[in-house]
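Working notes for the structure below.
Nothing in this text is a laboratory measurement; each read-out follows from the coordinates by a stated rule. Since this is a predicted model, take the numbers as computed values, not measurements. No Cβ is skipped: glycine too gets one built from the backbone with ideal geometry, and neighbour counts run over all protein chains shown.
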Amino acid sequence: MLIVVCIKQVPDTTQVQIDPVTNTLVREGIPFIANPYDTHALEEALRLKDQFGMRVVAVSMGPPNAEATLRKALAVGADEAILLSDRVFGGADTLATSNVLSAAIKKLNEQEEVGLVLCGKQTIDGDTAQVGPGIATRNGYSQLTLVDRVDQVDLAGKKIRVRRKLEGRHEIVEAPMPAMLTVVRELNRPRYPTVPLRLESEDREVKVWNNEALKLDVNSIGLKGSPTWVSRIFSPEREKGEIVGDGLHDPKGTSRLLIEKLLSKDLLPV
Amino acid sequence: MTPNFIIYAPLLAVSLLFFSWSCYKRFALIAVGQPENRFEQLDQRIMGVLTYALGQKRVMARSFGLNHAVIFWAFLVLLLANGEFLISGLFPALNLALLPGPIHHLLQFAFDAVSLLALAGVVLAAGRRLFFAPDYMETSYTSAKSAEAFLILGSIALLMLAYFGLHGAMIAMGKESATYMPVSGLASTLLAAVPAENLQALVSFFWWLHALVLLLFINYLPHSKHMHILTAIPNCFFKSLEKPNTQPREEFVKGGRFGAGSVDQLAWKDLLDGFSCTECGRCQSVCPAAITGKPLNPRQVVHDIKINLLKGSLEQDSYVPGQPLIGTGEGSVSEDAIWSCTTCGACMAACPVLIEQMPKVVKMRRHLVQMKSQFPEELLNLFENMEGRSNPWGIAPTDRTKWYATMDVKPFDADTTEYLLYVGCAGSFDSRQKHVTVALAHILDAAGISWGILGKEELCCGDSLRRLGNEFVFDKLAKQNVALFNEKRITKVITQCPHCFTTLKNDYRQYGLELEVIHHSELIDSLLTSGKLKLNHQVKELGKIAFHDSCYLGRHNDVYDPPRNVIAAATGSAPQEFERNHENSFCCGAGGGRMWMEEQLGSRINLNRIEEALAGKPDTLCVSCPYCLTMFADGIKDLQADQIQVKDIAEVVAEGLRPVNQ
Ligand SMILES: Cc1cc2nc3c(=O)[nH]c(=O)nc-3n(C[C@H](O)[C@H](O)[C@H](O)COP(=O)(O)OP(=O)(O)OC[C@H]3O[C@@H](n4cnc5c(N)ncnc54)[C@H](O)[C@@H]3O)c2cc1C
Ligand code: SF4
Ligand code: SF4
């Protein structure tokens, strides 16, 4: 049985700046990383593999350089890595992205039964949290979002029970497999790759599937298949707030200023 | 002296055979270690033997050490006496009396006098163990009053007494003269009451006593801590000629094993170390981890490695370990112990026989990190930040230039700037250390130095990675840095951090990068001495300043005087010393990557050091390392000793650069 992990390569957002003139992301020289939530999805898949012996396939849709992120997945123990890359996939929104990923997962299912699809809760660049549910809907899988604990996997009975982390409460849900899970960071602590695995992953194959392999209608993928598009990216204007004093050089004086200010606005209970 | 040849010859033969077999067994075990070249630079090695083994330099560094030195030197002289004894027992005609008279007499006198010294030495040693043993002699597997120790001391005493008894009786019989053997002469007077016909029996008795004790002693050696009698001299010969922390690189090829997860993955010298330990406990007495109650004791590490090695078995050419090297119980080193080490090097500086305790710990870390991905939780972020953003905190590399917001700082350019100021991660990102960077930049400008920085292009030096055993990522980082330094044609580097200092200076040499690396304390010292840097006033406002030697500047790189000179020049008086100073300095607790880990076991190392400082009632603690700065600032807060401030040496000097009226 396969566990498919969807991993998106994202720019390291702590280092991303928005070009104030063009309103686009300044991507030059910014390193790419695996979307942090996705590393938790991968970790969970590896733990299930350790426990049940399922095979883990990491899948990513992106430009050719996304191979680096998949190689890291191989280095921590994924059995196979597939890069979905083709010019015609470019410019995809969440709908078009889900179409490509769903098709790839279906294709994998033809070779070996897919039991679980694991996604991150959301990405740190797009932030829509739509792709996972998009895959579940398209492939008719159970949809378990915001998972922070996997309680039970019943391979024979094809059932999975997980805990979902919601606002102020948890929910325990059981669902038939195949199931798609989106995961939160509390789920686990991703492992660190051992050196032998890293060295070995250096020349393992990252397969590339283009649209010849997936044979999707070009009107359902990429820019053409994307009903939404981005009209503008901008940093919101700072409406309120000011920098008080100089905390670095005069912490005491600054605290005093701050307290006085809060007191004058009647914001501190006296 | 007519022993019974028929009994003695086979006895001697069996003893020597058994002794050789015991030694062979041990050396065969040492040979299971990994190869490592410890034969280069013979002149330095011979010097090492002369200074540390024959010269007993380290031994004598402690109060009672002279006693050991006397016993050791006596032992060397008596080697000859005992050699003669064993041989002339077989062939009575083969003895030292064959030598020219004056030489023979000189030797007789030497043996006689030295035997007395040795006897006094062992009596004192026994007395020390019984009545005033220092507490560091105690440990889990042995104690000052161990039977083994008294067995050895007792045997030596017995040998000396038998020697005097034998020669005393010979003199009493008129077969030897007391002229050159005053002590034996004295012994003969004690035998005056013995009837002449019994003297021969007495000679035989003492001869056999001497022979039996000697043969038993020789055969006991390889099975006891006194194996060091055989291995200490070679151990000093094979000492590491590198800086303590500059351990061999690992070659990352597929199918390789990295670090040491079993004894046979340690180097042969690590195993020789195990047999060379004298169990003196000095390393334990200076180890910050052991002192603060953590589960690490450097001598226990050495001991456990030896026990582990002995528990395994040699089968044909392969060695089969008897128990895991990393684990619990005697013969294994616990993970908690392995992660407790600050790599301060105090153990290595204290060891009389030049054992390398700390590198073994790092080798085990290499195994845990690289083969097992098993390390304290806190390190996961550190490792990822280092690899992803080349700094411990994971801050955006673009922020590396933020410290000089208000200054005019030039990028390094080999054609126009002389020095690279390697700011370092702490100097770039740590809010407190950024003040130090600014102070240093002002000093460089005031002295008219031509300097520049790498800015956004600067990478972490990788010190913490290497000490934590993440050699794989260190290796990548080191290669990137070496390429960057070569590309920029950098040759002279100023650092404000002893960790950057040692890494660029010593570790990168293993990558073929030879740099002139100068710690800022050295540079400021030379600028003040040459008059290039002139202060506007003598710094009095910081009060009494105590100086703390950072491990990586002092012990690891022998930079002791420059910071002291700087303080003296800036303030007009020499700094106050901590009780433990120079090579005896005590770690702040942050080295070896401990900076990035929680300190949950035992008491806190930084508090131990601050408490020591408080004894001298200083106004300012002066440091020369960003980690020390952090640890001290935290410690002072914890102890509510806010009357004391912590300053880097550059800040002390920058104080003197302020106009007088400010
Ligand atoms: C403002 C904005 C502008 C954009 N501009 C462009 C553009 O010009 N060109 C362009 O090509 N794209 C662009 N995108 C990207 C694209 O629309 C989305 O990023 C993409 O569809 C995924 O959506 P998401 O990032 O919100 O993922 P989410 O739905 O938040 O992701 C949830 C999970 O789905 C999985 N997942 C998501 N995407 C992938 C993937 N590609 N491969 C594998 N697994 C995945 C991961 O497990 C992830 O954790 C833009 C996105 C945004 C938000
Ligand atoms: S290096 Fe320091 S902390 Fe580590 S074992 Fe030696 S003395 Fe102890
Ligand atoms: S390792 Fe060195 S310092 Fe420590 S107990 Fe052994 S001989 Fe003494």
Problem - Between the stretch B:414-489 and the stretch B:308-350, the Cα center-to-center distance that results, in Å - result: 36 Å
Problem - Reduced Cα scattering model of chain B, Debye log10 I(q)/I(0), q = 0.07, 0.09, 0.10 Å⁻¹ - result: -0.56, -0.83, -0.96
Fill in the blank from the handout: Protection proxy (average C-beta count within 10 Å per residue), highest first, orders B:138-149, B:613-624, B:498-509, A:63-74 as B:498-509, B:613-624, A:63-74, B:138-149
Fill in the blank from the handout: Taking a straight Cα-to-Cα line shorter than 23 Å from residue A:261, and setting aside same-chain lysines fewer than 8 residues away, one finds A:240, A:252
Exercise for the section: Can you tell me the equivalent ellipsoid semi-axes for chain A? Use √(5λ) from the Cα gyration tensor, largest first, whole Å. Expected result: 38, 24, 20
Fill in the blank from the handout: Amide H proximity to residue B:554 below 5 Å, modelled H, separation 5+ or other chain, gives B:559
Fill in the blank from the handout: The simple spin-label model distance between residue B:57 and residue B:476, using points 7 Å out along Cα→Cβ, in nm, is 4.1 nm
Completion exercise
Simple spin-label estimate for residue B:315/residue B:95, 7 Å along Cα→Cβ, in nm, reads 5.4 nm
Exercise for the section: With 5 Å bins from zero, work out the P(r) of the stretch B:230-284 over every alpha carbon pair and list the percent per bin. Expected result: 4, 14, 19, 24, 21, 9, 5, 3, 0
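Determine by what factor the alpha-carbon radius of gyration of the stretch A:164-270 differs from 2.2 N^0.38 Å, reporting the quotient.
Numbers: Rg = 26.8 Å, N = 107, 2.2 N^0.38 = 13.0 Å.
Dividing the Cα radius of gyration by 2.2 N^0.38 Å gives 2.06.
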Problem - Principal-axis tilt of helix B:101-131 within chain B, Cα atoms, nearest 10 degrees - result: 60 degrees
Problem - Contour excess over end-to-end distance, with Cα ends at residue B:141 and residue B:39 and 0.36 nm allotted per residue - result: 33.4 nm
Fill in the blank from the handout: Calc'd 3J(HN,Hα), the stretch B:299-307, phi into Karplus 6.51 cos²θ - 1.76 cosθ + 1.60 (θ = phi - 60°), Hz, glycine/Pro = x, comes to 6, 5, 4, 5, 5, 5, 5, 5, 4
Practice task
Scan around residue A:209 for amide H atoms under 5 Å from its own, H built in the peptide plane at 1.01 Å from N, and keep only partners 5 or more places away or cross-chain.
Solution key: A:83, A:84, A:85
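Under 20 °C and 1.002 mPa s, how fast does the stretch A:120-159 diffuse according to Stokes-Einstein, given a Kirkwood radius computed over C-alpha pairs? Answer in µm²/s, whole number.
Working: Rh = 11.8 Å.
Once the numbers are plugged in, D ends up at 182 µm²/s.
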Handout entry: Rounded to 10°, Cα long-axis angle of helix B:605-615 versus longest principal axis of chain B
Key = 90 degrees
Practice task
Determine the dipole magnitude for the protein assembly as shown: charges of +1 sit on the beta-carbon of Lys and Arg, -1 on that of Asp and Glu, nothing else is charged, the reference point is the Cα centre, and the result goes in debye to the nearest 20.
Solution key: 620 debye
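List the longest stretch of chain A that has no exposed loop site; here a site is one of the chymotrypsin sites (Phe, Trp or Tyr not before Pro) assigned by DSSP to anything other than H, G, I, E or B, with at most 11 other Cβ within 10 Å.
On the way: sites that count: A:229, A:234.
The reported range is A:1-228.
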Exercise for the section: Mind giving me the nanometre distance, one decimal, between the label points for residue B:103 and residue B:486, set 7 Å out from Cα along Cα→Cβ? Expected result: 5.9 nm
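Apply 1/(1 + (r/R0)^6) to the Cβ-Cβ distance of residue A:268 and residue A:234, taking R0 = 30 Å, and write down the FRET efficiency to the nearest 0.05. Each step should come with its number before you reach the end.
Details: r = 34 Å, r/R0 = 1.15.
The computed FRET efficiency comes out at 0.30.
For the stretch B:381-657, what is the Kirkwood hydrodynamic radius in Å, using each pair of distinct C-alpha atoms? The partial results should precede the final answer.
Working: mean 1/r = 0.0529 Å⁻¹.
Hydrodynamic radius (Kirkwood, Cα pairs) of the stretch B:381-657 is 18.9 Å.
Summing -39500 (n - 2.57) over the DSSP H runs of n ≥ 4 in chain B and dividing by its residue number, what mean residue ellipticity at 222 nm do you reach, to the nearest 500 deg cm²/dmol? List each step's numbers first, then the result.
Working: 26 runs with 335 residues, N = 662.
One gets -16000 deg cm²/dmol as the mean residue ellipticity at 222 nm.
Among the listed pairs A:49/A:159; B:363/B:492; B:402/B:617; A:72/B:410; B:476/B:647, which have their C-alpha atoms separated by more than 27 angstrom in this model? Please report the intermediate quantities before stating the final value.
Working: A:49/A:159 16 Å; B:363/B:492 31 Å; B:402/B:617 36 Å; A:72/B:410 37 Å; B:476/B:647 34 Å.
Too far apart for the 27 Å limit: B:363/B:492; B:402/B:617; A:72/B:410; B:476/B:647.
Throw me the Rg/Rh for the stretch A:27-73, computed over C-alpha atoms with Kirkwood Rh, two decimals. Can you show the working numbers first?
Values: Rg = 12.6 Å, Rh = 12.0 Å.
Reported Rg/Rh (Cα atoms, Kirkwood Rh): 1.05.
Kindly state, to the nearest 0.05, the FRET efficiency for residue B:516 paired with residue B:150, given R0 = 45 Å and r defined as their beta-carbon distance.
It comes out at approximately 0.25.
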Problem - J(HN,Hα) series, the stretch B:170-178, from Karplus relation 6.51 cos²θ - 1.76 cosθ + 1.60, nearest Hz, glycine and proline x - result: 4, 5, 4, 7, x, 7, 10, 10, 7
Practice task
List, in order, the whole-Hz ³J(HN,Hα) value for each residue of the stretch B:463-473 obtained from phi through the Karplus relation with A = 6.51, B = -1.76, C = 1.60 and θ = phi - 60°; use x for Gly and Pro.
Solution key: 3, 4, 4, 5, 5, 8, x, 8, 5, 4, 6
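Which order do B:369, A:150 fall in if you start with the one that has the fewest other Cβ atoms within 10 Å?
Fewest-to-most ranking of B:369, A:150: A:150, B:369.
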Completion exercise
Relative to chain B, whose Cα atoms define the longest principal axis, helix B:431-446 and its Cα axis are tilted in degrees, nearest 10, by 80 degrees
Practice task
Please list, or write none, the aspartates and glutamates whose alpha carbon is within less than 16 Å of the alpha carbon of residue A:207, excluding same-chain residues fewer than 8 places away.
Solution key: A:67, A:79, A:80, A:86
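Under 8 Å for C-alpha pairs, at least 6 residues apart: give me the relative contact order for the stretch B:381-657, rounded to a whole percent. Provide the component values of the computation, followed by the final result.
Details: 464 pairs, mean separation 51.2, N = 277.
Answer for the stretch B:381-657 is 18 percent.
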Handout entry: Distant alpha-carbon pairs in the stretch B:297-437 (separation over 28 angstrom), percent
Key = 45 percent
Handout entry: Part-to-part distance (alpha-carbon centres) for the stretch A:233-270 and the stretch B:256-306, which is given in Å
Key = 54 Å
Fill in the blank from the handout: the stretch A:78-195: relative contact order from alpha carbon pairs under 8 Å, six or more residues apart, as a whole percent, is 25 percent
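If you take the alpha carbon radius of gyration of the stretch B:594-662 and divide it by 2.2 N^0.38 Å, what ratio comes out, to two decimals?
Details: Rg = 13.9 Å, N = 69, 2.2 N^0.38 = 11.0 Å.
Normalised Cα radius of gyration, the stretch B:594-662: 1.27.
Longer than 29 Å from Cα to Cα, which of A:107/A:224; A:121/A:158; B:269/B:488; A:106/A:224; A:121/B:456; B:145/B:294 are they? Say none if no pair is. Walk me through the numbers on the way to the answer.
On the way: A:107/A:224 22 Å; A:121/A:158 23 Å; B:269/B:488 39 Å; A:106/A:224 22 Å; A:121/B:456 33 Å; B:145/B:294 24 Å.
In this structure, B:269/B:488; A:121/B:456 exceed 29 Å between Cα atoms.
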Exercise for the section: Assuming a ≥ b ≥ c are the square roots of the Cα gyration tensor eigenvalues, decide whether the stretch B:231-387 counts as rounded (a/c under 1.5), prolate (otherwise, with a/b larger than b/c) or oblate. Expected result: rounded
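Assuming R0 = 56 Å, can you tell me the calculated FRET efficiency for the pair residue B:193 and residue B:330, based on Cβ-Cβ distance, to the nearest 0.05? Present the calculation step by step, with values, prior to reporting the outcome.
Working: r = 53 Å, r/R0 = 0.94.
Using R0 = 56 Å, I get an efficiency of 0.60.
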Exercise for the section: Could you work out, residue by residue across A:195-202, how many beta carbons of other chains sit within 10 Å of that residue's beta carbon, and then give the average as an integer? Expected result: 5
Exercise for the section: Would you mind telling me which residue in A:83, A:248, A:155 has the biggest mean-square fluctuation in a Gaussian network model of chain A, where springs connect alpha carbons within a distance under 10 angstrom? Expected result: A:248
Problem - Within the stretch B:416-436, backbone nitrogen closer than 14 Å to the virtual label 7 Å beyond the Cα of residue B:532 toward Cβ - result: B:417-421
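To the nearest 20 Debye, how big is the dipole of chain B about its Cα centre, given +1 on the beta carbon of each Lys and Arg and -1 on that of each Asp and Glu? Numbers along the way, then the final one.
Working: 58 positive and 64 negative charges, 85 e Å.
Its charge dipole is roughly 400 debye.
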Fill in the blank from the handout: Site residue B:241, offset 7 angstrom along Cα→Cβ, radius 15 Å on amide nitrogen, limited to the stretch B:37-51, gives B:37-50
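Write down, largest first, the equivalent ellipsoid semi-axes of the protein assembly as shown in whole Å, where each equals the square root of 5 times an eigenvalue of the alpha-carbon gyration tensor.
Details: eigenvalues 856, 294, 108 Å².
Ellipsoid semi-axes (Å, largest first): 65, 38, 23.
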Completion exercise
Taking max minus min of the Cα coordinates of the stretch B:1-158 on each principal axis, largest first, gives extents in Å of 48, 43, 35
Handout entry: Length-normalised contact order for chain B - Cα pairs under 8 Å, 6+ apart - percent
Key = 12 percent
